[in-house]
Amino acid sequence: MTEPAPLRALALVCSLKPSPAPSSSDLMARQILEELGKHGVTGDVVRVVDHDVKPGVEVDMGEGDAWPAIREQMMAADILIVSTPTWVGHMSSVAQRVLERLDGELSETDDSGRPLVAGKVAVTAVVGNEDGAHKIIADVFGALNDIGFTIPGQGNTYWNDEAMGGRDYKDLDSVPDPVDSATHAAARNAAHLARLLSQNSFPPYE
């Protein structure tokens with residue numbers, strides 16, 4: 001019996017802070033990758049703001065656009081993690097740009113009419129010291145589902161400080177139990193679903 005190919009994940013960190021500045025979004029993405037590693041998944045992190053991702057809705061916006069190289073990493077992955085901070089109740093502008101660029105995948109299909117991202121699993125992580133996590137998760141998952149990604153049950157993790165608080169997730173002494181539990185579930189369910197889809201692709205669309 002042929003052993004299934006190992007699974008890979010790519011975390012797109014949508015912090016507004018360029019490297020090497022500490023980032024709560026980066027920390028949470030890495031915690032998901034650590035949990036995925038317990039399920040045989042290896043992965044990489046891309047902090048999107050470190051790269052010149054041009055505005056637009058095409059897979060390649062021309063000279064100087066860094067998105068095609070990031071997209072190549074995504075296409076080689078089985079699991080996509082989108083990690084974003086909360087700003088004024090919404091996802092970061094970087095996360096919005098990522099979704100806009102992913103919109104280009106709607107016209108990228110295989111010979112059977114399936115999006116090239118069909119069969120890839122997506123999870124999300126949200127951090128912030130203000131309300132907004134549930135709305136952001138809904139917006140990110142809605143967009144990723146439209147584009148062709150598959151969303152696992154409980155495929156998200158998040159942390160919000162108390163209302164009008166001022167702490168950052170990265171500054172906590174330890175991970176709160178509910179967040180830890182959600183991160184475990186997101187990784188476990190994503191790895192399981194990605195493994196199933198890697199062996200049983202969606203039927204042709206045409």
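Tabulated results
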| read-out | value |
| --- | --- |
| Scope segment 35-59; condition open to solvent by 50 Å² or more (accessible area, probe 1.4 Å) and free of Cβ contacts under 8 Å to residues at least 12 places away in the same chain; matching residues | none |
| Pick from segment 107-142, criterion out of contact with any Leu (no Cβ under 9 Å at 6 or more places or on another chain) and in a strand (DSSP E or B), ranking: nearest to Gln73 (Cα to Cα) | Ala125 |
| Which numbered condition Met164 fails, given (1) open to solvent by 50 Å² or more (accessible area, probe 1.4 Å); (2) farther than 22 Å from Lys17 by Cα; (3) of a type in the set (A, V, I, L, M, F, W, C); (4) over 15 Å from the mean Cα position of the chain (by Cα) | (2) |
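The values are calculated or read from the model by the stated rules, or taken from the named source; none is laboratory data. Just so we're clear, the structure is a prediction, and the values are computed from it rather than from any experiment. Glycine gets a Cβ as well: all are built from the backbone with ideal geometry, and neighbour counts include every protein chain shown. For the accessible areas, the whole protein counts, side chains as well, though only heavy atoms, and no ligand, DNA or RNA atoms are used. Shrake-Rupley method; radii C 1.70, N 1.55, O 1.52, S 1.80 Å.
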